[in-house]
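The values are calculated or read from the model by the stated rules, or taken from the named source; none is laboratory data. Here the structure is a predicted model, which is why all the values come from computation and not from measurement. Please note: Cβ atoms are built from the backbone with ideal geometry, for glycine as well, and neighbour counts cover all protein chains shown. Quick note on the areas: whole protein, heavy atoms, side chains included, nothing else; ligands and nucleic acids left out. Shrake-Rupley method; radii C 1.70, N 1.55, O 1.52, S 1.80 Å.
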Amino acid sequence: MDLIPYGRQDICDDDIDAVVAILKSDFLTQGPTVPAFEDAVKAHTGAAHALAMNSATSALHVACLALGLSEGDWLWTSPISFVASANCGLYCGANVDFVDIDPVTSNISPDRLEEQLYKADRDRRLPKIVVAVHMGGHSCDMKRLSELSARYGFALIEDASHAIGATYDGGPVGNCRYSDVTVFSFHPVKIVTTGEGGMALTQNSNVAQRMNLLRSHGITRDPALFSNAPDGPWYYEQIDLGFNYRMTDLQAGLGISQMTRLRQFVDRRNKIADRYDELLAPLPLKRPHRSSRDVSAFHLYIVRIDSNRVHSTHRAIFELLRSNGILVNLHYIPIYRQPYYSAMGFDPTDYPESEAYYREAISLPMFAAMTDEQQDVVYGVLHEVLA
Ligand SMILES: *Cc1c(COP(=O)(O)O)cnc(C)c1O
């Protein structure tokens, strides 16, 4: 039985040649290819600053630090995300809280956020940072989120791990028009890959400079930032406590090659989504929200089982798909349900839409290299169990 993964990379000969060229070059890391990859992503997004890192998780961490998050502060995000969207707050010693999702988009609900901000303002517990996750590749309502950020004085990070190649309000996701920092992931299941990797984009040069320092030990070679006069040409200073979160040139070489096909990847994913929409329309399930205005990058194609119209359980449907070699997944278990978080006292009944989502959601296979034949297999099993 051929297995159909829920997501996988698309590597072509040009990608392989690009990595081999770096292997034969002078620099495997800290060479010219990382800045060249950053330039490619800047050219795509229009952001003024781009900092490549070894993962989106690292990028989220240094973004939080650069935006001043520290002990006693609050970071809010959506519970329907990968744990990294929340963990970045804990890394900084801050507290984490969650805002329930919008049932239509599965993104953070601006209405719930507004209510929660109103109460937090009264209790003097306003968040310093809100992490807006573009679930599945579809942008959050950034205009409303940025209005709230102006009114309540919090910084906005877009966790666009799913959304490179998507558009919002006529511009590319990553232009930071409505946010302080946008983060991309280049993990192999995402839209473009560098093996492991991530990037933080911003229009703010101070935030960019802080993130640049923190990704490489807090060390600078810029005399303008030195505290002391240089002892000699070897001189550098550590002026902050940073990390080794650097991307290698090998990864950046792959990233540059992949970026040339970004448009192709997103177009193909949207075609697959259109075909799923058509095939699945007669079945008793909810298909993903489609916006007439904004283009989703379609990292994920998530359906929700309509329990009132189906005899099988969510779990039985999931297991049947898996036993037929269709490696469906569930993105995500609400973060507050993870033992590490539930020990902090979160109450699932505070998040009714996230709980409903968790009872119904299934991520169907979705990747640029997926064939129509593979999609027909997915449809066939779903039809058998649901029709
Ligand atoms: C994949 C992902 C991350 C983490 O990305 P890495 O590059 O693996 O660190 C963070 N947030 C979301 C929403 C993700 O999907």
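Structure notes:
- The helices (runs of 4 or more DSSP H) located wholly in the stretch 1-90 that include 1 or more residues which are open to solvent by less than 50 Å² (accessible area, probe 1.4 Å) and within 16 Å of the ligand (Cβ to nearest atom) occupy 33-45, 56-66.
- Only one entry in Met211, Met199 is surrounded by 24 or more Cβ atoms within 10 Å (Cβ to Cβ), within 16 Å of the ligand (Cβ to nearest atom) and over 15 Å from the mean Cα position of the chain (by Cα), namely Met211.
- Residues in the stretch 354-371 that are farther than 18 Å from Pro284 by Cα and either of a type in the set (Val, Ile, Thr) or open to solvent by 60 Å² or more (accessible area, probe 1.4 Å) (or both): 1 in all.
- Annotation for the stretch 326-334: no member residue is among the hydroxyl-bearing types (Ser, Thr, Tyr), surrounded by fewer than 20 Cβ atoms within 10 Å (Cβ to Cβ) and on the phi < 0 side of the Ramachandran plot.
- Of all residues in the stretch 140-164 being part of a loop (DSSP other than H, G, I, E, B) and within 14 Å of Leu201 (Cα to Cα), the one that is farthest from the ligand (Cβ to nearest atom): Ile164
- Going through (1) part of a loop (DSSP other than H, G, I, E, B); (2) at pLDDT 95 or above; (3) open to solvent by 60 Å² or more (accessible area, probe 1.4 Å) one by one, His311 falls short only on (2).
Conditions tested, residue by residue: (1) out of contact with any strand residue (DSSP E or B) (no Cβ under 6 Å at 6 or more places or on another chain); (2) without any contact (Cβ under 8 Å) to a residue 24 or more places away in the chain; (3) open to solvent by less than 30 Å² (accessible area, probe 1.4 Å).
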| residue | (1), (2), (3) |
| --- | --- |
| Ser216 | yes, no, yes |
| Ala224 | yes, yes, no |
| Gly232 | yes, yes, yes |
| Phe243 | yes, no, no |
| Asp249 | no, no, yes |
| Lys271 | yes, yes, no |
| Asp277 | yes, yes, yes |
| Leu283 | yes, no, yes |
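- Listed conditions (1) assigned to a loop (DSSP other than H, G, I, E, B); (2) at pLDDT 95 or above are all met by Ala252, apart from (1).
- Scanning the stretch 165-206 for residues that are in contact with a Ser or Thr (Cβ under 6 Å, 6 or more places away or on another chain) and not in a loop (DSSP other than H, G, I, E, B) turns up Tyr168, Pro172, Val181, Ser185, Gly198, Leu201.
- Residue within the stretch 100-109 that is within 29 Å of Ala40 (Cα to Cα), of a type outside the set (Val, Ile, Thr) and not in a strand (DSSP E or B) present: yes
- Subset of the stretch 356-387 that is over 21 Å from the mean Cα position of the chain (by Cα) and assigned to a loop (DSSP other than H, G, I, E, B) - its residue that is farthest from Val303 (Cα to Cα): Thr371
- Any hit, the stretch 177-187, residues being closer than 23 Å to Lys128 by Cβ, open to solvent by 40 Å² or more (accessible area, probe 1.4 Å), modelled with pLDDT of 95 or more and among the small types (Gly, Ala, Ser): no
- Residue under evaluation Val189, criteria (1) touching a residue at least 60 places away in the same chain (Cβ under 8 Å); (2) farther than 17 Å from Phe37 by Cα; (3) in contact with a strand residue (DSSP E or B) (Cβ under 6 Å, 6 or more places away or on another chain); (4) not polar (S, T, N, Q), criterion not met: (3)
- Apart from one condition, Asp123 fits all of (1) more than 28 Å from Gly170 (Cα to Cα); (2) in contact (Cβ under 8 Å) with a residue 12 or more places away in the chain; the exception is (2).
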